[in-house]
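The values are calculated or read from the model by the stated rules, or taken from the named source; none is laboratory data. The model shown is predicted, which means the values in this text are computed figures rather than measured ones. Cβ atoms come from the backbone with ideal geometry, glycine included; neighbour counts cover every protein chain shown. Side chains included, ligands, DNA and RNA excluded: accessible areas come from the protein's heavy atoms. Shrake-Rupley method; radii C 1.70, N 1.55, O 1.52, S 1.80 Å.
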Amino acid sequence: AQTVTQSQPEMSVQEAETVTLSCTYDTSESDYYLFWYKQPPSRQMILVIRQEAYKQQNATENRFSVNFQKAAKSFSLKISDSQLGDAAMYFCAYIRGSQGNLIFGKGTKLSVKP
Amino acid sequence: EPEVTQTPSHQVTQMGQEVILRCVPISNHLYFYWYRQILGQKVEFLVSFYNNEISEKSEIFDDQFSVERPDGSNFTLKIRSTKLEDSAMYFCASSPDRIGANVLTFGAGSRLTVL
């Protein structure tokens, strides 16, 4: 069975600094997708970034980038120039290419200090 | 930007009562989903729905749960007889096609409190 593990329950970063959130996953599939979702206090799930497993190039979205290590089954999220609005729960998620349900990790609570 | 709309935002109910949570997916999306998040825990898949039938469901989605698309725009989750452990945030989501290549868009969630 596929699993997603986020080993950091909480992280803290100074405003304008860089922080990396860790995620590892377990799968025997070759076709899959990985996601990072942000959940602010409003509780809405917001897509931050997506990575296709068949792509070697790491996805980037403005201040957000990933380090995708397929062999190690690692998918970390780097937030550069952290802002107060980045404070939220961050969930790593996996989906098998042919299957329609996301598998989430337990989340990492990110605090941003002014 | 198109969004998934959920109502109510918060519902409080007595144990044993029936609850219906409503969702309006993005209009051109074909796949619909319900996920659940018990407070402090991870988000869990409940059910996916396509072409007016359930395409996949988790072990959480037992006989107490049902989904329906009654009128071509709403997508509802019904809990027949609520239990205390049903207290959670329920998220509706939709996608234009099977997700992966397509992104899943979530609603803001419906918080259910069972007393």
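May I ask for the net charge around B:G109, where only other residues with Cβ less than 15 Å from the Cβ of B:G109 are counted and Lys, Arg are +1 while Asp, Glu are -1?
On the way: positive: A:K38, A:R43, B:R22, B:R36, B:K42, B:R111; negative: B:E3, B:E44, B:D86.
Summing Lys/Arg as +1 and Asp/Glu as -1 gives +3.
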Dipole of the protein assembly as shown, Cα-centred, from +1 at each Lys and Arg C-beta and -1 at each Asp and Glu C-beta, to the nearest 20 debye? 300
Total Å² of accessible surface buried at the B-A contact, 1.4 Å probe, nearest 100? 1900
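Give the calculated FRET efficiency between A:N58 and B:V12 to the nearest 0.05, with a Förster radius of 35 Å applied to their Cβ-Cβ distance. Please list the in-between numbers first.
Details: r = 45 Å, r/R0 = 1.27.
FRET efficiency, A:N58 to B:V12: 0.20.
Give me the net charge of A:S82's neighbourhood, meaning all other residues with Cβ under 13 Å from the Cβ of A:S82; Lys, Arg count +1, Asp, Glu -1.
Working: positive: A:K38, A:R63, A:K78, A:K113; negative: A:E15, A:E17, A:D81, A:D86.
Residues near A:S82 contribute 0 overall.
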Note to self: Kirkwood Rh of the range A:3-113, Cα pairs, one decimal, Å, is 14.0
Tell me, what ³J(HN,Hα) does each residue in the range A:109-114 have, in order and in whole Hz, if you take phi through Karplus 6.51 cos²θ - 1.76 cosθ + 1.60 with θ = phi - 60° and put x for Gly and Pro? 8, 9, 10, 10, 8, x
Using amide H atoms built in the peptide plane, which far-off residues or other-chain residues are under 5 Å from A:E15 H to H? A:K113
Dipole magnitude of the range A:3-113, debye to nearest 20 (Cβ charges: Lys/Arg +1, Asp/Glu -1, about Cα centre): 140
Inter-chain shielding of A:44-55 (mean C-beta neighbours from other protein chains, 10 Å cut-off): 3
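Computed FRET efficiency, Cβ-Cβ of A:A16 and B:R69, R0 45 Å: what is it to the nearest 0.05?
Values: r = 47 Å, r/R0 = 1.04.
So the FRET efficiency works out to roughly 0.45.
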Net charge near A:A53, counting Lys/Arg +1 and Asp/Glu -1 over other residues with Cβ under 12 Å of its Cβ? +2
Work out from phi, with θ = phi - 60° and the Karplus expression 6.51 cos²θ - 1.76 cosθ + 1.60, the ³J(HN,Hα) of each residue of the range A:3-14, listed in order in whole Hz, and give x for Gly and Pro. 9, 10, 10, 10, 7, 10, x, 9, 9, 9, 9, 7
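Over the range A:3-113, with every protein chain in place, what whole percent of the accessible area is carbon and sulfur at 1.4 Å, could you tell me?
Values: 2290 of 5220 Å².
Taking all protein chains in place, the range A:3-113 shows 44 percent carbon and sulfur surface.
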Explain nothing, just compute: Karplus ³J(HN,Hα) = 6.51 cos²θ - 1.76 cosθ + 1.60, θ = phi - 60°, for every residue of the range B:69-76 in order, whole Hz, x for Gly and Pro. 10, x, 9, x, 10, 7, 9, 10
Computed over the protein assembly as shown, the Cα gyration tensor eigenvalues, each multiplied by 5 and square-rooted, give semi-axes in Å (largest first) of 30, 21, 16
